[in-house]
Structure formats: structure tokens, C-alpha cells
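Single-structure report; data block below.
The values are calculated or read from the model by the stated rules, or taken from the named source; none is laboratory data. All values reported here derive from a predicted model rather than from experimental measurement. Don't worry about glycine lacking a Cβ; one is built from the backbone with ideal geometry, like all the others, and counts go over all protein chains shown. Side chains are part of the model used for accessible areas, which takes the heavy atoms of the whole protein and leaves out ligands, DNA and RNA. Shrake-Rupley method; radii C 1.70, N 1.55, O 1.52, S 1.80 Å.
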Amino acid sequence: MRTKVAIIGAGPAGMLLGQLLHAYGIDNVILERKDRDYVLARIRAGVLEQGTVGLLEKLGITERLHHEGLIHDGIELLFGGVRHRLDLKHASGGKVVTVYGQTEVTRDLMDARVKAGLTTVYDADQVSLHDFYGSSPRVRYVKDGVSHEIACDFIAGCDGFHGVSRQSVPADAVKTFERVYPFGWLGLLSDTPPVSPELIYTNHERGFALCSMRSPTRSRYYVQCALDEKVENWSDDRFWDELRSRLDPEAAEALVTGPSIEKSIAPLRSFVAEPMRFGKLFLAGDAAHIVPPTGAKGLNLAASDVHYLSQALREFYDEKSSAGIDGYSARALMRVWKAVRFSWWMTSMMHRFPDNDGFATKLQQAELDYVVHSKAATSALAENYVGLPY
Ligand code: RFL
Ligand code: PHB
């Protein structure tokens with residue numbers, strides 16, 4: 001088989017890149033290690049920046065998103081037992097975010113891909129990358145016990161943090177930067193109405209909590225937990241009690257509980273691999289960088305990466321110019337590091353750190369008070385949260 005761009009990974013980065021390239025007339029094949037249902041069962045992000053929605057709009061796949069997505073023009077910060085609303089729309093000069101699950105974005109992209117008749121190989125085992133520094137890049141994989149090879153012009157590594165693409169690069173060609181946080185998030189999804197119409201980010205002495213949602217009838221909640229926590233030790237009741245204990249009395253009272261549909265623990269990490277291009281191999285999304293979810297930036301960064309990459313490839317094919325390709329890594333990393341900073345800052349301000357002496361807690365309180373009472377500080381949070389321009 002031959003294609004212009006071989007894309008590894010059918011998460012949001014790979015699926016969105018595939019559709020953007022298709023819109024530019026650039027043929028591509030996606031190789032995914034898991035099956036479609038497995039990919040769709042991963043419960044992850046919920047908040048889309050306007051730029052991400054704009055890319056989906058450009059592709060004409062927002063019918064369901066505009067119907068089911070929830071427009072949010074504010075969030076609440078809960079600290080010292082009191083909730084403070086941040087008017088994101090006002091503070092950012094008119095921008096909002098859309099609450100629409102990552103699984104739904106991926107499903108819409110998958111459906112569009114099927115409709116366009118494009119090739120996605122699910123259950124692709126032992127994917128390996130070859131000659132991306134040379135003149136004939138290739139990707140090999142095994143499907144149903146049979147080996148296959150795809151010859152291509154370029155390879156896009158959209159295979160997440162644990163994928164094979166970054167690992168295929170010689171160790172001395174890549175520099176990594178990392179912070180591992182000393183806690184995780186225990187998340188629960190339930191078919192219960194959200195406790196409040198907007199997201200509540202909570203700084204509490206028992207730890208961070210987040211009240212989010214997927215729809216008017218489906219809620220997503222998180223509580224900060226120790227890194228060595230086991231999800232088996234958390235009955236639904238224990239989760240609900242812990243969450244309630246971190247909320248203000250009004251929210252605690254209003255919280256509607258019910259059986260969990262999904263419950264899982266995610267570690268928190270900041271990670272960046274530089275550069276994001278190695279010859280004819282490009283990395284995009286979680287394959288190149290990870291941010292802690294506190295800033296709701298991971299999926300949105302995957303979207304801005306593939307926007308830059310698809311533009312660069314379009315320039316290459318349509319205008320015979322390598323400028324976009326040569327500039328891809330620097331351009332993407334400029335935006336990535338700003339989101340890394342914002343996610344780290346939100347994480348530092350909202351969580352309890354195990355080595356926390358009283359000093360750090362006092363600084364958090366001062367910072368939170370500043371954020372909600374200073375127009376400049378509110379604006380700074382808002383413009384990052386709704387998404388910096390591409
Ligand atoms: P993904 O989604 O990990 O997809 C990678 C795909 O590659 C496949 N793969 C391979 N395929 C072939 N061969 C191999 N060797 C392969 N190895 C892996 C995988 O099976 C998979 O299908 O990466 P991608 O596409 O870069 O997308 C990134 C996002 O998934 C991620 O950044 C977000 O989910 C992060 N995130 C959030 N982002 C937001 O923008 N807003 C949020 O509100 C938000 N909340 C979150 C989050 C992540 C969370 N967790 C679980 C870490 C909340 C949580 C709890
Ligand atoms: C979610 O709904 O899963 C979600 C929302 C906001 C975040 C992180 C996760 O910051």
C-alpha cells in the first residue's frame with residue numbers, strides 16, 4: 001500500500017489530522033492498535049476551546065456538537081468554603097468553551113472518516129516506523145497475523161504518550177522535560193444531573209475536586225487522590241462522601257448521586273519532547289506532550305498541533321514549499337509551552353501537595369483571592385482557559 005501520510009493512532013489527534021488532510025486533498029491512512037469500541041470507551045476530556053470547535057466546523061462535522069454541546073461562559077472557583085464565579089466570556093473579550101466529551105468528538109470524526117471512505121486499520125499490531133530520516137519512509141504492522149507495509153511521504157505520530165512513534169526516535173535526537181505530580185485524579189462518570197450548571201474547581205484542605213459534566217443528565221466528577229490509591233478501594237458511596245466533603249454546603253446539599261458508569265485513576269504529569277519533527281516523522285498531541293488535566297488543555301493542544309501540521313503539509317503539496325514543515329516544531333511548541341505553563345499553574349494553585357507546609361497553603365489562598373478579585377488576574381486565567389489564539 002502507498003499513501004502520502006501514514007498516521008499512527010486514532011485518538012483525537014490522528015482522527016482530526018486525517019480529516020483535515022482529506023479536506024486538503026492529501027490522502028492518508030490511519031493505523032490504530034486497539035479496536036474502535038475500545039478507543040471510544042476511554043473517558044477523557046470534556047472541555048473544547050473555540051479554536052477546536054472551529055476546526056470541526058471547518059470540516060462540517062459539528063451538527064451533533066452544536067445540538068448536544070453545552071456552551072459555558074463561566075467557571076466557578078471554590079476555596080475557603082465559598083464559590084466565586086469567573087465570567088470567562090466577559091474577561092476574555094467574548095470567548096466561551098464548549099462542554100462536549102472527547103469520546104463524542106472522536107465518534108463524530110470516525111463517522112466522518114467512514115463516510116468519506118478513508119482507510120483506518122484497527123487492531124494494527126507491532127506498528128514499526130522505518131527510514132523517516134531517509135528517502136522512503138515506511139510503516140509496518142501486523143493485522144490478523146499477516147504483515148503489511150505502507151510506503152509514504154510522511155509519518156504522523158499521533159499515538160499518545162505510550163505510543164511507538166516517539167520511542168522510534170534515536171535517544172540523542174530528542175530532549176524531554178518532565179514534572180510528575182505527587183497525586184492523581186480519581187474520576188467518576190454517572191447518569192445524574194450535574195450539581196451546578198457550570199464547572200466547579202475546588203481547592204479544599206482534603207484536596208482538589210472538580211465538578212464537570214457531559215450533558216444535562218450525565219456528570220463527571222474528580223477528586224484528588226494519593227498516587228498509590230487503588231480504584232477497587234473506592235466504592236461509589238465512598239467517592240460521593242469524599243466529593244461532598246470538599247464542596248460548599250449548598251453544592252453538597254444539591255449533589256445528586258447514583259451508580260457510577262466508569263471510575264478510574266489518572267496520574268498527573270507535565271511532559272514535553274522537543275523537537276516535534278524528526279526528518280519525515282512529525283509528533284502531535286500526547287505523543288509529544290502531556291499536561292495535567294486541571295487546565296483542560298490536552299485535547300485542545302492535540303487540535304492546535306494537527307492544525308499547524310495539516311497547514312504545513314498542505315503548503316508542501318500545493319505550493320511545493322517546505323517552510324511550513326520546517327517551522328512546524330517551533331510553531332507548535334510555542335503554543336504547547338504556554339499551555340504547559342497554564343496547566344502547571346492551575347494544578348499548583350488548586351491541589352494539596354503532600355509536603356505542603358502552611359506557607360504554601362497561604363500562598364494558594366492569596367493567589368486565589370487575587371485571581372477572583374483582580375480584573376487583570378481574572379483576564380489572564382480566562383484567556384488561557386478559553387484558549388490562546390493559534
Ligand atoms: P490519545 O487520545 O492517547 O490517542 C492515541 C491513540 O494512539 C493509539 N496507539 C497506537 N496505535 C498504533 N500503534 C501503536 N503502537 C499505538 N500506541 C498507541 C492509542 O490506542 C490511541 O487510540 O492521544 P491524542 O490523540 O494525542 O489525544 C490527546 C488527548 O486524548 C488528551 O490530551 C486529553 O484526553 C487530555 N485531557 C483533557 N484534555 C482537554 O483538552 N480537556 C479536558 O477537559 C481534558 N480532561 C484529559 C482530561 C485527560 C485525562 N486523563 C485520563 C489523562 C481528563 C482526564 C482525566
Ligand atoms: C472533564 O469534564 O473531564 C474535565 C473538565 C475540565 C477539566 C478536566 C476534565 O479541567
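Descriptive notes on the structure:
- Kirkwood-type radius of the range 222-304, with distances r between different C-alpha atoms, in Å: 15.8
- Accessible surface, the range 1-136, averaged per residue in Å² (probe 1.4 Å): 43
- Contact order for the chain, expressed relative to its length and based on alpha carbon pairs under 8 Å spaced 6+ residues apart, stands at 21 percent.
- Alpha-carbon Rg/Rh ratio, for the range 246-390, with Rh computed the Kirkwood way: 1.08
- Rounded accessible area of W234 (nearest 10 Å², 1.4 Å probe): 10
- Listed peptides 133-140, 193-200, 206-213 by packing density, highest first (mean Cβ within 10 Å): 206-213, 193-200, 133-140
- Building the convex hull from the alpha-carbon atoms of the range 1-159 and averaging its projection over directions returns 12.3 nm².
- Relative contact order (%) - the range 141-216, alpha-carbon pairs under 8 angstrom, separation at least six: 15
- Sorting the Cα pairs of the range 77-221 by distance into bins of 10 Å, from 0 upward, gives 8, 22, 25, 23, 17, 4, 0 percent per bin.
- The smallest convex shape that holds all Cα atoms of the range 105-173, its convex hull, gives 121 Å³ per residue.
- Scattering curve values for the range 1-49, log₁₀ I(q)/I(0), Debye with Cα scatterers, q = 0.16, 0.22, 0.29 Å⁻¹: -0.52, -0.84, -1.09
- Size check on the range 85-124: the Cα extents along the three principal axes, sorted descending, read 45, 19, 13 Å.
- Each part gets one Cα centre, and for the range 102-178 versus the range 228-264 those centres are 38 Å apart.
- Based on C-alpha pairs under 8 angstrom that are at least 6 apart in sequence, the range 188-315 has a relative contact order of 22 percent.
- Per residue, the chain reaches -11500 deg cm²/dmol at 222 nm when only DSSP H runs of four or more residues are counted, each adding -39500 (n - 2.57).
- Taken over the range 317-390, the alpha-carbon convex hull comes to 118 cubic angstrom per residue.
- Binning the alpha carbon pair distances of the range 161-242 at 10 angstrom intervals from zero yields the distribution 15, 35, 24, 18, 8, 0, expressed in whole percent.
- Helix axis angle, 236-245 relative to the chain longest principal axis, alpha carbon, degrees: 60
- Cα-based helix-to-principal-axis angle, 12-23 vs the chain, degrees rounded to 10: 50
- The chain: angle of helix 358-373 to the longest principal axis, Cα-based, in degrees nearest 10: 80
- Rg and Dmax of the range 293-344, both derived from C-alpha coordinates alone, stand at 12.7, 41 Å.
- Tail fraction, Cα-Cα pairs, the chain, threshold 34 Å, whole percent: 29
- Considering every alpha-carbon pair of the range 59-104, the percent of pairs per 5 Å bin, from zero through the bin containing the longest distance, is 6, 18, 19, 18, 17, 14, 5, 3, 1.
- Two-decimal Rg/Rh across the range 16-98, once Rg and the Kirkwood Rh are taken from alpha-carbon atoms: 1.09
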